[in-house]
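Every read-out reported here was derived from the displayed coordinates using simple, explicitly stated rules and does not represent laboratory data. What you are looking at is a predicted structure, and each value in this text was computed from that prediction instead of being measured. Here Cβ is always computed from backbone atoms with ideal geometry, including for glycine, and neighbour counts include all displayed protein chains.
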Amino acid sequence: MNLLDLFSLQGTLFALMIVGAILKKKEIIDANGKKCLTDLCINVVIPCNIFKSCLIEFNMEIFRSCALLLLAAVIMQAVCLILNKFIFNRYVPQRRKVLQYCTIVPMSGFLGNPIAEAIYNEIGVLYTSIFLIPMRIIMWSVGTTYFVADEKVDKKKVAKNVLTHPCLVAIYLGLICMVTQVKLPAVITATVKYLGNCNSALTMLIVGTILADVKITTIFNKDTAMFSVFRLIILPAAALVVGLGLDAISLGISVLMTGMPAGATAAIFAARYDSDALFATRCVVMTTLMSMLTLPVWCYLAG
């Protein structure tokens with residue numbers, strides 16, 4: 001994919017976001033509809049997209065690439081957790097929690113698969129799924145504790161949420177099928193592929209509904225701008241350094257997934273646990289808009 005194709009892809013994704021924003025503004029998608037679409041996406045569509053990506057021919061080169069990519073992902077999560085210990089200490093607790101969470105949880109779970117699939121095809125979705133394993137674990141463990149630090153955390157419940165997350169279950173099943181090269185009935189593979197193919201359109205509609213909840217003129221301030229630079233430039237630059245020994249596709253996935261905007265769940269957690277939900281939403285929207293410019297650049301730099 002050349003830069004022109006990538007800009008065309010970005011334009012298509014942006015157009016889908018605009019459609020989602022319009023549907024939200026027109027109240028065709030209301031709050032309940034937004035929640036329904038989000039649950040459908042996380043619990044069905046994205047897992048099917050992940051499983052679909054595993055229905056490829058397996059070889060040791062893929063296994064090696066996945067192992068190294070997983071290691072790079074673990075290192076990047078460790079870097080983010082260390083940075084969270086001190087770089088946001090000057091902020092009030094309500095904002096500090098949001099910034100810490102947005103550092104370890106990018107929007108890769110939503111935006112990652114559509115972009116990876118468009119650029120790298122099925123192998124890109126597989127590598128993205130592997131790279132996001134540490135992020136999903138940290139998201140439902142450490143990420144949750146940022147907001148509920150003053151409450152008693154049920155460790156068994158956290159472990160259950162992590163291990164039974166639909167996206168991780170899809171990875172377990174997909175890897176088993178890929179390694180064993182079992183031939184599934186056509187009706188199963190076709191159903192999974194049809195559902196998985198809904199991923200790009202559905203996820204971008206959901207992101208659009210998030211954009212619709214904030215006035216664009218209110219998102220530009222010093223804090224959101226500084227965090228956007230950190231989230232979209234500094235962190236992917238670190239991923240580029242960490243992943244220098246990876247193959248081209250793995251390096252591209254590592255940099256692009258790290259350079260994604262802030263995770264939309266930040267606003268949900270902030271609202272649920274009395275943090276600065278408006279600030280969280282502004283961070284999500286600001287980084288989402290700015291990523292339309294930064295992601296093509298990182299794609300080019302990562303080769």
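Name the residue, out of ASN221, ASN84, ASN197, whose mean-square fluctuation peaks in a Gaussian network model built on the chain with Cα pairs under 10 Å. Fluctuation is largest for ASN221.
Trypsin sites (Lys or Arg not before Pro) within the stretch 73-155: which are DSSP loop residues with at most 11 other Cβ atoms inside 10 Å? In loop regions of the stretch 73-155 (DSSP not H, G, I, E or B), the sparsely surrounded trypsin sites (Lys or Arg not before Pro) are LYS85, ARG90, LYS152. A run of the chain free of exposed loop cleavage sites, with GluC sites (Glu not before Pro) counted only in DSSP states other than H, G, I, E and B and at most 14 other beta carbons within 10 Å, reaches its longest extent at 152-303. Summary of the geometry: the stretch 1-68 and the stretch 124-144, compared by the centres of their Cα atoms, lie 15 Å apart. Shown for the chain are the DSSP H helices of 20 Å or more along their axis, judged by Cα atoms, with a mean Kyte-Doolittle hydropathy of at least 1.0: 3-25, 60-84, 166-180, 277-301. Approximating the spin labels as points 7 Å out from Cα along Cα→Cβ, the LEU244-to-GLU61 distance works out to 2.4 nm. For the stretch 1-89, a crude dipole built from +1 on the beta carbon of Lys and Arg and -1 on the beta carbon of Asp and Glu, taken about the Cα centre, is about 340 debye to the nearest 20. Report the residue, chosen from GLY259, GLY143, GLY245, that carries the largest GNM mean-square fluctuation when the chain is represented by alpha-carbon nodes joined by springs under 10 Å. Per the Cα network of the chain with a 10 Å cutoff, GLY245 tops the list. In the chain, a dipole from Cβ-located charges (positive for Lys and Arg, negative for Asp and Glu) runs towards its positive end, and of ALA270, LEU211, PRO106 it is ALA270 whose Cα lies farthest in that direction.
Where nothing but the Cβ of Lys and Arg (+1) and of Asp and Glu (-1) is charged, how large is the charge dipole of the stretch 161-303 around its Cα centre, in debye to the nearest 20?
With Lys and Arg at +1 and Asp and Glu at -1, about 180 debye.
Between THR164, THR144, THR103, the GNM of the chain built on Cα springs shorter than 10 angstrom shows THR164 fluctuating the most.
Structural size metrics of the stretch 184-284, computed from C-alpha coordinates, are Rg and Dmax of 17.7, 55 Å.
The modelled label-to-label distance between VAL187 and ASN89, using points 7 Å beyond Cα along the C-beta direction, is 6.2 nm. Using Cβ point charges alone (K and R +1, D and E -1), the dipole size of the stretch 46-168 about the Cα centre works out to roughly 680 debye. Which is farthest toward the positive dipole end of the chain among TYR194, LEU132, LEU81, measuring Cα position about the Cα centre, with Cβ charges +1 (Lys, Arg) and -1 (Asp, Glu)? Of the options given, the answer is LEU81.
Estimated from helices alone, the mean residue ellipticity of the chain at 222 nm is -23000 deg cm²/dmol (sum of -39500 (n - 2.57) over DSSP H runs with n ≥ 4, per residue).
In terms of its C-alpha gyration tensor, the stretch 209-261 comes out oblate, because a/c is 1.5 or above while a/b does not outweigh b/c. Anisotropy class assigned to the chain is rounded, per the alpha carbon gyration tensor with a/c under the 1.5 cut-off. Here the chain is scanned for chymotrypsin sites (Phe, Trp or Tyr not before Pro) in DSSP loops (not H, G, I, E, B) that have at most 14 other Cβ atoms within 10 Å, and the longest stretch holding none of them is 87-219.
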